[in-house]
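The structure under discussion appears below in the form of structure tokens.
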Amino acid sequence: MARLPCVIVFLIATRIVAGEIKNVGWWKNAVFYQIYPRSFQDDNNDGIGDLKGITKRLDHFKETGIDAVWLSPIYASPMVDFGYDISDFRKIHPDYGTDADFTELISTARKLGIKVIMDLVPNHTSDEHEWFQKSLAGDEAYKDYYIWHDKPTDGKPLNNWISVFGGSAWNCSSSRPQCYFHQFHYKQPDLNFRSDKVQEEMKDIIRFWLDKGIDGFRVDAIPHLFEVEDLRNEPRTNLPGVVDGEYAYLDHFYTKDQPETYDVVKSWVKLMNDYANASNTDEKVMTVEAYTFLNKTTEYYETGCQIPFNFYFITDVNRTSGPDQFKKVIDQWLTEIAGRPGAVANWVLGNHDGSRTASRYPGRGDQMTMLAMILPGVAVTYYGEEIGMIDKTDISYEDTQDPAGCNAGREKYKEKSRDPVRTPMQWNDDINAGFNQGERTWIPVNENFVELNLAAQKTAKFSHYKIYKKLIHLRKTHAALLTGKVETFVSSDKKILSVVRSSNTESIILIINFSDTETVTVNLVNQVPSIAAGGLVEVATLDSPINEGSSVNLRKLPIAPKQSLVISAKIQK
Ligand code: GLC
């Protein structure tokens, strides 16, 4: 065979490597939805949600316009941290069903065009995992799978490191004369990512689930992957009211955000890209859970991870925040990622670890949904938030299941327990809200399901669900939301926040009145001089006197207290 010139060989090679991943970027304007499998739909009526239940409910996503679902862990686990303590990464917990149920879920989702991503929990395993049991027994092959250090002879702790759930991060074993490190519960020993074998194990697990046809991963607790090797003590935060043993007592400079973490994530993204490339499948997606400094979170973009979760609507604003604080949180993320080529924004409103959106922002949950949906990029919804579910705050200490709550003790469990946000999905007003057929549920159903449920909201003329669905429709069909740029404005009286998205021909404008008492009249034409003076209300909050479908004068538009409108307007040539 005649030799090809080098340049042609290079071009062919580049094509093979870069050209085969299908549907690159499918996730860029997508709505992701987090399913907490225990609480979503219980098909076998044992009180715990399951895979068959999820499969039966996949139509909900299709009908609503949700593009991708993320399943919190469904793997074998003693359930000390409800699946975030995995005892076999390849097995499905029998509470959730069988391998066949999982296959059925994936194939039904695929038929409906819904992507499925799975939780990957690399930082730790359960202490009941075979690797840990072997490591504990001193098996040479597994000795370094976890982070072991000799017991200090003076009986003092190894250092001052504190676990996220409270108390020392070290547990000294009786069978192996050493102590192991755990960032979370003592039954969740940390894996040692300085071991090449551990790194290979995790890659095998990633491949295993990709082979099952999943579309990517949400990676758990990623900033915790590495710690400094010399076990330096961490400095105190000196936060008022925080006592020794609480996680916030220390600044976690030596147990979080270590540079090696980013290299490992990069290797996983590469694996996923190579996989999609070799198997001719759609682009695989990675989201990472990284509660840390803004620049440390956005640094995950550099690894190729598409969706480093943006938690700033959870951590940096609350019910007392005004429009300028919201503007700051929005702008800082957009500015931070503007310097990162190809980075797409994302907006997370809630998850299984914190209070629900409608509880954090009483009477303003829909405004938050509007923000996440109208801002550019990916919107992430926690189950139940499409109907405005709220926290169930009256769960007793005796009934508390969450280790974070139990560890905090009777006095403080309500501050820490995550049970209130994990109650069963409220489908309808049947027994147990349609979650199952009447067996007791693993945590109680919120009694408000009688009025607050999906079925009722589907039939009501106006509802949270209808707002949610309309917003998804808008973001999929309106040119300004598909390609448009974004600007944010705060009115001079500091009562109104507006978000303006524009294409060449049209704008979509979200206006939020932060005042609880005053109607504020805005002149949007002053703000966006290129728009026509007449606009159309596409979506309105529930108590707004101006309804969806109304034509409005954008020079003089009254926004009632606590209300929001999403308006479309033509750009004048
Ligand atoms: C993440 C999960 C949380 C879990 C922890 C330990 O933060 O979201 O639910 O408890 O990691 O795995």
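Observations on the model:
- Peptide ranges 26-34, 172-180 listed from the most packed, as the mean C-beta count within 10 angstrom indicates: 26-34, 172-180
- Between amide H atoms placed 1.01 Å from N, distances below 5 Å from GLU506 occur with ILE571, all of them 5 or more places distant or on a separate chain.
- Sites count as exposed loop sites when they are GluC sites (Glu not before Pro), lie in a DSSP loop, and have at most 10 other Cβ atoms within 10 angstrom; the longest stretch of the chain without one is 1-228.
- Under 13 Å from LYS56, Cα to Cα: aspartates and glutamates that are on another chain or at least 8 residues apart: ASP42, ASP43, ASP101, GLU104
- Cross-link table LYS469/LYS562; LYS494/LYS573; LYS91/LYS156; LYS28/LYS470; LYS62/LYS203; LYS416/LYS495, entries beyond 27 Å C-alpha to C-alpha: LYS494/LYS573; LYS91/LYS156; LYS62/LYS203; LYS416/LYS495
- For the chain, adding -39500 (n - 2.57) for each run of n ≥ 4 DSSP H residues and dividing by the number of residues yields -8500 deg cm²/dmol at 222 nm.
- Cut-off 15 Å between beta-carbons: net charge of the residues surrounding GLY241, Lys and Arg +1, Asp and Glu -1: -1
- Of the residues VAL24, TYR300, PHE226, the one whose Cα sits farthest toward the positive end of the charge dipole of the chain, with +1 on the Cβ of Lys and Arg and -1 on the Cβ of Asp and Glu, is VAL24.
- Gap separating the Cα centres of the range 415-473 and the range 296-359, nearest whole Å: 26
- For the range 125-185 versus the range 264-295, the gap between their alpha-carbon centres in whole angstrom: 30
- Charge tally around VAL228: other residues with Cβ under 12 Å, Lys/Arg +1 each, Asp/Glu -1 each, net -3.
- Here is the tail figure for the chain: Cα pairs spaced more than 35 Å apart come to 41 percent of all pairs.
- Charge tally for ASP257 (other residues, Cβ to Cβ under 9 Å; Lys, Arg +1; Asp, Glu -1): +1.
- Listed peptides 203-210, 461-468 appear in the order 461-468, 203-210 once ranked by packing, highest mean of other Cβ atoms within 10 Å at the front.
- Full-extension gain in nm, VAL242 to THR103, via 0.36 nm per residue minus C-alpha separation: 45.4 nm
- Debye intensity ratio I(q)/I(0), log10, the range 506-551, q values 0.30 Å⁻¹ (C-alpha model): -1.37
- Sorted largest first, the spans of the alpha carbon positions of the range 485-571 along the three principal axes are 36, 27, 19 Å.
- Full-extension gain in nm, ASP139 to GLU398, via 0.36 nm per residue minus C-alpha separation: 89.3 nm
- Ellipsoid semi-axes in whole angstrom, largest first, where each is sqrt(5λ) of the Cα gyration tensor of the range 235-340: 31, 20, 11
- Evaluated on the range 325-418, the Kirkwood hydrodynamic radius is 15.2 Å, with distances taken between all distinct Cα atoms.
Throughout, read-outs are computed from the coordinates displayed, never taken from laboratory work. Please read these numbers as outputs of a predicted model, since none were measured by experiment. Quick reminder, even Gly has a Cβ in these numbers, built from the backbone with ideal geometry, and neighbours come from all protein chains shown.
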